[in-house]
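Worksheet: the structure to be examined is printed underneath.
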Amino acid sequence: MREHRPIVHCISNYVTSNDCANILLACGASPIMSDEPDEAEDVVSFASAVCLNLGTPNERKFETMKRAGRAANARGIPVILDPVGAGSSRHRTGMARELLDCVRFSVIRGNASEIRALYGIAGATGGVDAAAGEGDAADVKEIAKKLAEKTHAVVSASGVTDIVTDGARVYMIHNGHPMMSAVTGTGCQLSVLTAAFAAVCGNDFLSAAATAAAEMGLAGELAHEMLRKGEGSGTYRARIIDVIYGMTGEVLEKGARYEI
Amino acid sequence: MREHRPIVHCISNYVTSNDCANILLACGASPIMSDEPDEAEDVVSFASAVCLNLGTPNERKFETMKRAGRAANARGIPVILDPVGAGSSRHRTGMARELLDCVRFSVIRGNASEIRALYGIAGATGGVDAAAGEGDAADVKEIAKKLAEKTHAVVSASGVTDIVTDGARVYMIHNGHPMMSAVTGTGCQLSVLTAAFAAVCGNDFLSAAATAAAEMGLAGELAHEMLRKGEGSGTYRARIIDVIYGMTGEVLEKGARYEI
Amino acid sequence: MREHRPIVHCISNYVTSNDCANILLACGASPIMSDEPDEAEDVVSFASAVCLNLGTPNERKFETMKRAGRAANARGIPVILDPVGAGSSRHRTGMARELLDCVRFSVIRGNASEIRALYGIAGATGGVDAAAGEGDAADVKEIAKKLAEKTHAVVSASGVTDIVTDGARVYMIHNGHPMMSAVTGTGCQLSVLTAAFAAVCGNDFLSAAATAAAEMGLAGELAHEMLRKGEGSGTYRARIIDVIYGMTGEVLEKGARYEI
């Protein structure tokens, strides 16, 4: 990663874009944040991956997402979808549906309820629906596998156990810390980290998504260990980026806890 | 708060939205940041409070504010107004006027000059005007009371002494630290914190606004005590969120300094 | 600076706007972030400098930039241009060209490739072009001088050595730390800091830009010295602002390393 320094084009939300840019720099990648339709193709032309994030949506940005996604497909570079808030409003659900229709994604990275909502969109009949609630890890695993089959994308479903699957193989990743949910944007950060790994993985998107999930979860664990008395979620936010900045292959291999 | 985990719909500005989301998470609430008109009603439908912030305004967001404010009024959930920069441009003053006309607010939270500007808008004749300057705490108290009477909202005017009033009763809150003004967004953070307390206060908005003001001010004091040699406003920003994250009812009760 | 407390109107990007606001507060200035066209002239009317940043561009913001730039020219207050990403897309290059046509800038502050792109725009023939690559400090110096001559602006080109020139005199500033490139927005922060110094320099924009570059670079050095074991780019980001907050004239004079 630090050798290739892949450029990741992020069409982001304004709440977490600073954290996303900083975690990309910390891991050795290079962010370009742009949501202007008229420069979508130009920016994609020198990027190594594209990450589309549905947070704080608007029509202009949505148009940019479609243009950038199609251009990335044409160039054969990976596109990652973070369906922030899918299922929480008809508007966002509609946006997610349209994106799934017109862009091929390499990885879809969301939390369990977002993955469930996308699965509903993708055409489940008589099966899972939003009313079924969050379900347990086994449920999420089945839904993630089916969504992966339907979309031909790797699905990365974040939770206490992260599930990363291409529909056939499944990684269950046990890294992470509950305090991560007290910091906004740790999910968005995982998505751009996934995009950075996807850019340098030689099309092994399953490994890329699993590695990113393990690294982010491990960063959450190690950052928590660094906290001193009185330090809370404000400092923790910076510490997560600190750990990613200092991460090495050895630390990651030693700390990653997963099963296939 | 941490038990109810209220969802606060923030129509925010892009400068401080990350801090606002993080302070909501730190206090035990759950933020939704969205300024898309087409999902305003959907988002309000599962929120427990709405906070409208006039910073970095634009027409699209203003439309969302009106739709979300009306939907929240219809559902009977509290709406908080942070009139950032009211009085500093005719455009923002006009936006504030229109919002006061079409939305009923539970709490209006701003600094003294913004509260003064809103009072001018709300129709003072022959009385206070912008040219009168900042005035002292006694002046601000009178203006806040009158604005509360006119708008039927609790008014929370921040300053060296925070004044929180429903027009009849007045809290004078002495918590806070001068260094808070060296960090952008501490006012915006107080507003979303006020929205979170308003969501769980059983319609006692006066207590909610006063509690939020005392907690934010106390966080500013305790965060300052935590600073080590060489640490400045960059670290202080994170420490304020750290303190809110660790805040307990006992610490707040012991540290709050106010008179009614 | 801390005495005059100049108000800097920033038309910013949403990725780094929080850091820009905080560094302005840290140095003793007062930020106003607004990109709404309809309040451009009102905000300029009480500002002491304007900083236009091309990051995360859109048409609305571009319109605001032109209106604010012209209003600032009419009032005789300094305008600073940060041509973020100039040369990376035809869209941004076109925006930069149009701004150079309709606004007189006091300082243009960018990295070497952005300055090179602007020089190409400004009408070099048969000379430097984007294909020529980054070049060395001597190249950048020549290009910066020529751009300064063409635009009648001071040009501040950031790199390992910062070059600040009005076309005749040249400051070579050796402050800075490589780790600054691992934090998003240190360039944007330098631009608003330059605007703050420009506001209080009595029209000596060359000294203002050079002082800002030295202060920012020195902050990067001192912030790096403060890092403890395990701390990385997340903490470093806050430390840079800490150092600016605590900066004194004596520290700056002692630490600045430059030649004219």
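When you look at the Cβ of every residue in B:222-232, what mean number of other chain Cβ atoms sits within 10 Å? Present the calculation step by step, with values, prior to reporting the outcome.
On the way: counts 1, 2, 0, 1, 5, 1, 1, 2, 9, 7, 11.
Mean partner shielding for this stretch: 4.
Would you mind telling me which residue in B:D19, B:D166, B:D136 has the biggest mean-square fluctuation in a Gaussian network model of chain B, where springs connect alpha carbons within a distance under 10 angstrom?
Taking springs between Cα atoms under 10 Å, the residue moving most is B:D136.
Apply the a/c threshold of 1.5 to the C-alpha gyration tensor of region A:12-155 and tell me whether it is rounded, prolate or oblate. Don't jump to the answer; show the numbers that get you there.
Values: a/c = 1.76, a/b = 1.68, b/c = 1.05.
Since a/c reaches 1.5 and a/b is larger than b/c, the shape of region A:12-155 is classed as prolate.
Provide A:R5, C:R228 in ascending order of the number of other Cβ atoms located within 10 Å of each residue's Cβ, fewest first. Show your work: numbers first, answer last.
Details: A:R5 14, C:R228 7.
Fewest-to-most Cβ neighbours within 10 Å comes out as C:R228, A:R5.
Using a Gaussian network model of chain A with C-alpha springs under 10 Å, which one of A:V155, A:V140, A:V107 is most mobile by mean-square fluctuation?
A:V140
What distance in nm separates the simple spin-label points at B:F46 and A:R90, each placed 7 Å from Cα in the Cβ direction?
Roughly 1.6 nm, to one decimal.
Please report which chain C residue places its beta carbon nearest the axis carrying chain C onto chain B, with the distance rounded to a whole angstrom.
C:Y14, 2
Can you check what the net charge comes to around A:A219, using other residues whose Cβ is under 9 Å from the Cβ of A:A219 (Lys, Arg +1; Asp, Glu -1)? Walk me through the intermediate numbers first.
Numbers: positive: A:R239; negative: A:E215, A:E221, A:D242.
Neighbourhood net charge equals -2.
Taking the beta-carbon count within 10 Å as an exposure proxy, list B:C51, C:C201 from fewest neighbours to most.
Values: B:C51 32, C:C201 20.
Ascending number of Cβ neighbours within 10 Å: C:C201, B:C51.
Per the Kirkwood definition applied to all pairs of different Cα atoms, how many angstroms is the hydrodynamic radius of region C:49-99? Kindly include the intermediate steps, with their values, before the conclusion.
On the way: mean 1/r = 0.0901 Å⁻¹.
For region C:49-99, inverting the mean 1/r across all distinct Cα pairs yields 11.1 Å.
Averaging over all projection directions, find the projected area of the Cα convex hull of the protein assembly as shown and quote it in nm² with one decimal place. Intermediate results must be reported in sequence, preceding the final value.
Numbers: hull surface 123.6 nm².
Average projection, Cα convex hull of the protein assembly as shown: 30.9 nm².
In nm, what does the list of distances from A:A74 to its counterparts in the other copies look like, shortest first, when each label sits 7 Å along Cα to Cβ?
4.2, 4.2
Place the label 7 angstrom along Cα→C-beta at B:M172 and in each other copy, then list the distances from the first to the rest in nm, shortest first.
Distances between equivalent label points, in nm: 6.3, 6.3.
Hey, rough spin-label estimate for C:A137 and A:N203, points 7 angstrom out along Cα→Cβ, what's it come to in nanometres?
My value for the distance between the label points is 4.6 nm.
Could you give the size of the charge dipole of region C:183-260 about its Cα centre, using +1 on the Cβ of each K and R and -1 on the Cβ of each D and E, expressed in debye and rounded to the nearest 20?
Working: 6 positive and 9 negative charges, 64 e Å.
The dipole magnitude comes to about 300 debye.
Taking 22 Å as the cut-off for C-alpha to C-alpha distance, list the pairs among B:K61/B:K146; C:K66/C:K145; B:K66/B:K141; A:K61/B:K61; B:K66/B:K150; C:K229/C:K254 that go past it. Don't jump to the answer; show the numbers that get you there.
Working: B:K61/B:K146 29 Å; C:K66/C:K145 25 Å; B:K66/B:K141 28 Å; A:K61/B:K61 14 Å; B:K66/B:K150 20 Å; C:K229/C:K254 27 Å.
Where the Cα-Cα span goes over 22 Å, the pairs concerned are B:K61/B:K146; C:K66/C:K145; B:K66/B:K141; C:K229/C:K254.
Could you tell me which residue out of A:C27, A:T235, A:I121 lies farthest along the dipole of region A:7-259 toward its positive end? Charges go on the beta carbon: Lys and Arg +1, Asp and Glu -1, centred on the Cα centre.
Of the candidates, A:I121 comes out farthest on the positive side.
Dipole of the protein assembly as shown, Cα-centred, from +1 at each Lys and Arg C-beta and -1 at each Asp and Glu C-beta, to the nearest 20 debye?
Working: 75 positive and 93 negative charges, 52 e Å.
Here the protein assembly as shown has a charge dipole of around 240 debye.
Can you find, among A:C201, A:G246, A:A148, the residue sitting farthest towards the positive end of the charge dipole of region A:7-259, where Lys and Arg contribute +1 and Asp and Glu -1 at Cβ?
The Cα lying farthest towards the positive end belongs to A:A148.
Could you rank the peptides C:182-189, C:247-254 by their average count of other C-beta atoms within 10 Å per residue, with the highest value first?
Descending mean neighbour count gives C:182-189, C:247-254.
Counting Lys and Arg as +1 and Asp and Glu as -1, what is the net charge of the other residues whose Cβ lies under 12 Å from the Cβ of A:T151? Before the final figure, lay out each step's value.
Working: positive: A:R97, A:R104, A:K145, A:K146, A:K150; negative: A:D101, A:E149, A:D166.
So the environment of A:T151 carries a net charge of +2.
Among B:L52, B:G69, B:S88, pick out the residue whose Cα is farthest towards the positive end of the charge dipole of region B:37-93, where Lys and Arg carry +1 and Asp and Glu carry -1 on C-beta, about the Cα centre.
My answer, from the dipole projection, is B:S88.
Work out the length of the dipole vector of chain A about its Cα centre, built from +1 on the beta-carbon of each Lys and Arg and -1 on the beta-carbon of each Asp and Glu, and round it to the nearest 20 debye. All intermediate terms of the calculation are to be shown ahead of the outcome.
Values: 25 positive and 31 negative charges, 25 e Å.
So the dipole magnitude of chain A works out to roughly 120 debye.
Rounded to the nearest 0.05, what FRET efficiency do C:R169 and C:R104 have when you use their Cβ-Cβ distance and R0 = 22 Å? Don't skip to the end; give the middle numbers.
On the way: r = 20 Å, r/R0 = 0.90.
The formula returns an efficiency of 0.65 here.
How much of the pair distance distribution for region A:150-260 lies past 25 Å, counting alpha-carbon pairs only, in percent?
Tail fraction, whole percent: 18.
Kirkwood hydrodynamic radius (Cα pairs, Å) of region C:7-259?
Numbers: mean 1/r = 0.0560 Å⁻¹.
The Cα-based Kirkwood calculation yields 17.9 Å.
With the contact rule set at Cα under 8 Å and sequence spacing of 6 or more, what percent relative contact order holds for region B:7-259? Let's see the in-between values first.
Values: 495 pairs, mean separation 46.4, N = 253.
Worked out over region B:7-259, it gives 18 percent.
What distance in nm separates the two pseudo spin-label positions at B:E225 and A:R228, each 7 Å out from Cα along the beta-carbon direction?
Distance between the two pseudo-spin positions: 1.6 nm.
Place the label 7 angstrom along Cα→C-beta at B:S45 and in each other copy, then list the distances from the first to the rest in nm, shortest first.
The answer, with the shortest distance listed first, is 4.4, 4.4 nm.
Every read-out reported here was derived from the displayed coordinates using simple, explicitly stated rules and does not represent laboratory data. Bear in mind the structure is a predicted one, so any value in this text is a computation, not a measurement. Glycine also receives a Cβ, built like all others from the backbone with ideal geometry; neighbour counts cover every protein chain displayed.
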